[in-house]
Amino acid sequence: MQDYTTLSTLEEIRAISFFSTSLSSKETIDEILWGITRNVIHRLGFIDCVIYTYDNETCLLTQHAAYGVKNPFDQRIHNRIKLELGEGIVGSVAMSKSAEIINDTSKDPRYIVDDAARLSEICVPIIINDTLFGIIDSEHPQKAFFTEKHLHLLNIIAALCAQRIKALHVKTKKNFTKANQYFKKLEELMRFKKLYRNPNLSLNSVSEALGISACYLSSMVNSLLNKSFIDFINEYRIADVKQNLNSDRYAHYTIVSLGLEAGFNSKSAFYSAFKKHTGLTPLQYKNDCCLLS
């Protein structure tokens with residue numbers, strides 16, 4: 001007769017095997033991450049799991065998929081939270097990119113209570129090409145619940161997850177052309193709706209307006225234009241400022257006001273972006289234009 005330990009190990013092997021073989025059918029980030037929380041976590045004997053994804057533009061970690069109390073039904077997350085790099089145990093692991101097991105969270109000042117206080121936590125980063133993609137985080141009410149075996153299993157899951165996401169990115173990049181309907185719509189939103197003038201514009205808000213995922217939008221811009229989403233937006237803002245710097249219509253505006261009007265949310269962000277894209281300060285650019293006119 002097999003003992004409990006043997007049965008537990010077999011179930012864990014089955015869980016990893018099932019996840020590995022099912023990955024080939026996953027075509028989106030959502031399918032991959034929810035596949036982990038729905039089909040793997042409970043087989044490992046965990047009662048809770050939250051997967052965070054990291055946004056390079058905002059530098060925030062957002063809860064993306066969950067298992068347990070955090071996931072009441074469908075693909076809903078109860079009280080979805082966001083963390084900054086370095087904030088809480090999740091933020092610390094995201095910053096160090098090194099997995100951790102916390103045997104007693106009550107003695108760790110970094111611990112942040114989410115839906116309920118629990119006494120142990122395991123946190124594993126998902127790394128793609130040495131870059132942070134997200135975090136797999138699980139908690140348990142029992143002290144010292146998580147073991148090195150759990151850490152090993154989650155590292156395998158994180159590596160398999162990263163491998164599939166990387167493959168999807170490569171596949172997606174090959175399919176991008178400037179005839180892409182979403183790229184056309186994106187340019188229309190910028191040129192005619194002047195969406196870039198919204199100082200609170202973000203990767204997530206634009207992707208929602210287009211009806212695509214933030215990951216797809218970021219990959220599309222990077223693949224077609226070889227630049228980041230924020231650089232893409234800032235180029236429209238800077239073109240707006242350049243057009244208005246010597247315009248009679250905006251003669252009563254200060255240079256900073258022109259930057260804010262174009263969508264920058266602060267003087268420092270405006271000056272930094274302008275210098276990055278033109279090599280000049282806004283005043284230097286204005287004076288050069290005056291000399292040429």
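The values are calculated or read from the model by the stated rules, or taken from the named source; none is laboratory data. What you see is a predicted model; the values in this text were computed from it and never measured. Cβ sites come from the backbone with ideal geometry, for glycine too, and all protein chains shown count toward neighbours. Areas reflect the complete protein model, heavy atoms only, side chains present, ligands, DNA and RNA absent. Shrake-Rupley method; radii C 1.70, N 1.55, O 1.52, S 1.80 Å.
Taking a straight line from the alpha carbon of Lys193, these aspartates and glutamates sit under 17 Å away, with near neighbours fewer than eight places off in the same chain left out: Glu208, Glu235, Asp240, Glu261.
With each label modelled as a point 7 angstrom along the Cα→C-beta vector, the Ser106-Glu57 pair spans 4.3 nm. Relative to the Cα centre, the charge distribution of the chain, modelled as +1 at Lys and Arg Cβ and -1 at Asp and Glu Cβ, gives a dipole magnitude of about 1140 debye.
FRET efficiency for the pair Ser17 and Ser96, taken as 1/(1 + (r/R0)^6) with r the Cβ-Cβ distance and R0 = 41 Å, rounds to 0.85. Split the chain at each of the trypsin sites (Lys or Arg not before Pro) in a DSSP loop with at most 16 other beta carbon atoms within 10 Å, and the longest piece is 1-75. With r defined as the distance between the Cβ atoms of Lys194 and Asn265 and R0 fixed at 25 Å, what FRET efficiency is calculated, to the nearest 0.05? The value I calculate is 0.95. Apolar share of the accessible surface for region 1-80: 52 percent from carbon plus sulfur atoms, 1.4 Å probe.
Taking the structure as given and computing Kirkwood radius over Cα pairs in Å, which label from (i) 18.9; (ii) 21.6; (iii) 20.8 fits? So the calculated entry is the one marked (ii). Cα to Cα, under 30 Å, and not fewer than 8 places away if on the same chain: which lysines meet these conditions relative to Lys166? By straight Cα distance, Lys166 reaches Lys26, Lys70, Lys82, Lys97, Lys149, Lys174, Lys178, Lys184, Lys185, Lys227, Lys276.
Cross-link partners of Lys107 among lysines, defined as those whose alpha carbon lies under 16 angstrom from its own and excluding same-chain residues fewer than eight positions apart: Lys143. Between Tyr182 and Lys143, the FRET efficiency from the beta-carbon distance, with R0 = 41 Å, is close to 0.25.
Restriction of the chymotrypsin sites (Phe, Trp or Tyr not before Pro) in region 187-234 to DSSP coil positions whose beta-carbon has at most 13 other beta-carbons within 10 angstrom yields Phe192. Each of Pro199, Asn226, Pro141 was placed along the dipole of the chain (beta-carbon charges, centred on the mean Cα), and the one lying farthest toward the positive end is Asn226.
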